[in-house]
Every structure is written in C-alpha cells, then in structure tokens.
1. Checking the a/c ratio against 1.5 first, then a/b against b/c, what shape does the Cα gyration tensor give for the stretch 1-78?
2. Using only alpha carbon pairs under 8 Å that are at least six residues apart, calculate the relative contact order of the stretch 152-294 and give it in whole percent.
3. Pairs of Cα atoms under 8 Å, at least six residues apart: use those to get the relative contact order of the stretch 13-169, whole percent.
4. What relative contact order, as a whole-number percentage, does the chain give when Cα pairs under 8 Å and 6 or more residues apart are counted?
5. Looking only at the chain, where both bridge partners belong to it, what percent of the DSSP beta bridges are antiparallel (to the nearest 5)?
6. Please compute one quarter of the surface area of the Cα convex hull for the stretch 221-288 and express it in square nanometres.
7. Sorting check: for 192-198, 268-274, which peptide has the highest mean count of neighbouring beta carbons within 10 Å, and how do the rest follow?
8. Kindly rank 233-240, 67-74, 203-210, 172-179 from highest to lowest mean number of other beta carbons found within 10 Å of each residue.
Amino acid sequence: MSTHYRVALLGHGIGPSLTPALHEQEAALLGLDYRYETVDLIGDPDVDLGALLTRLEGEGFAAVNVTHPFKVAVLDHVASTSAVVERIGSANLVLLDGTGDPGSPHRRAHNTDVTGFGAGLVAFLGDRPRGRVLQVGAGGAGRATAYALLDLGFDEVVVHDRDPVAAAALVERFAPTSGGRMLASEDDLATWVTDVDGVVHVTPMGMAEHPGVAFDPTVLREGAWVAEVVYRPLETELLRRARARGADTLDGGLMAVGQAVDSLRLITGREPDRDRMTEHFRALVRSLESDGAA
C-alpha cells in the first residue's frame, strides 16, 4: 500500500479547523507522507459537489472529510455507504480511489462522528447508569450522537430542540430500529433536565461566536452528568456551570479526536495512537486559547 496520501476537508468556514494539523502530525509519527488541505467553499454556495469530488479524485486525493453543510448532500455522489451512514443519512468521510469516476464502487461514504462520539462517551461513562438520557439539539451533529446513544444501550433517549419539528424528524428517522426507546419532547426543557441520568448538548451554543448556555445545569439531579460536542473552547460555560453544580462533565475534545482517529484509520489502514492524538489536540487548543483565537 502506498504511504503517500493527499486528503481534503470540504465545508464552509473551515479555515480555523484543527483537523489538518491533527491528521498530519499523527501521520508523520506513523511514517506516512500525508498532506491534508482545506477547501473552504463558503464563497461558493452553488458549488457542483459531484464535479468537485471528481476533480479532487483525478488530482490524486485519497479521501475527503466533509463538514457543514455537505454531510447529507455528499451522499448523492458516492457509490456505497457504511451501515452507519445508511441508517443516519449523513457522512463526514468519503474514500476516493483516484480514478475520477463518480460511479466507482470504491467511492464509499463513512461517518466517524458516530464512532468518535461513542468511543469517548463509553470511556467517560464507565459503570454509570444508562437509563434516561436527554439530547439537547436535533441538528446535523444530533444524528450522529443520537445513533451512538441508542447503540450504547440507554433505556430512553429524549430529544429536545427549539424546533419541535426537527426533534420529531430525528426520532422518526430512528423509529424503525429504536424499539420505542427514543422520544421527542415539546415540554419545558428544564423539566427534563431535572429527571435524567445525563445530558448530551448538541447545539452551537457555547462556541465563541455563540456564547451562552442552552439550558440551566444548576437543576441537574444528584449524580447526573453532562457531555458537550462543542470543543472551541473546550471549557464552555455549560461545562463550567455543570461542574459547579457537582456534575461530571465530558468536553467536546474526545469526539473531535475520535472522529479524526477513525478517519485516519479508514484512509490509511494504519492504527493511530488515540492517546497521542488527544495530547496533540489539547496542545493545539491551548495554543489557540493563549493566542486568543479559540
């Protein structure tokens, strides 16, 4: 197998992404010639995604990571999908084969957001109860986290979103396989926060450009935990308030690292060092925070 890889990240506003540095450093330590480039399409809202993938493939790209707003649209331009992608209807990684043929059976879509989040949550949960969990947010990332929560065996997954239609649509997507364990709620959010074993926050609230909290963690019941998907900053206001309440917390870093670990494995066939990548990721975040950029 060739040890030369060229990979791209496609999305809107991805200039500050930590993914390229994360991939390239670990690949170098694995002895690979690995180049990771960003293709920011925020100035090209009408991009022909299929033509772009074909061009990148023809230029020798081995894979593309895909982020907002292309995680669903990219599925129209692949020949096959993983079982996870088939179930949740979105992807964040497409493996290419260099032929430039959009119908190639080797152009396959994967979703490592699911596995990345799931692996981090398993490590965090340990032997904590897996009874009722509340997911706050039903957007794009919510598909991945909801899948993982069901797969991890929670007795009940409650989905709440400011848009009740979005919450209902998410629950409906998983209805055939959830066994009735998932429900959408239009009730007051605070009512649920007081009555769950844990909360997974999956909205942009808490990012530098979206300050604040999506719910009040001071009403969490004793022993409840909070997991966050936002990782810039790692220390969101929600996590600070939750810890002040006495809750255990999981920051968004493990999901960010987990999806990168799984993507790198799928692209190269090599096994990345998860602990090493986690340390590198946190060093990158600390550097940005010290520069005031995170």
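1. oblate
2. So the answer I get is 16 percent.
3. So the answer I get is 16 percent.
4. Values: 572 pairs, mean separation 45.1, N = 294.
Computed over the chain, the figure is 15 percent.
5. Working: 6 of 39 bridges.
Approximately 15 percent, going by the DSSP bridge assignments.
6. Numbers: hull surface 21.3 nm².
The directionally averaged projection comes out at 5.3 nm².
7. Values: 192-198: 18.9, 268-274: 15.1.
Output ranking for 192-198, 268-274: 192-198, 268-274.
8. Packing order, densest peptide first, comes out as 233-240, 67-74, 203-210, 172-179.
The values are calculated or read from the model by the stated rules, or taken from the named source; none is laboratory data. These numbers come from a predicted model, not from an experiment. Neighbour counts are summed over all protein chains in view; Cβ atoms, including those assigned to glycine, are modelled from backbone coordinates with ideal geometry. All accessible areas refer to the heavy atoms of the entire protein, side chains included, with ligands and DNA or RNA removed. Shrake-Rupley method; radii C 1.70, N 1.55, O 1.52, S 1.80 Å.
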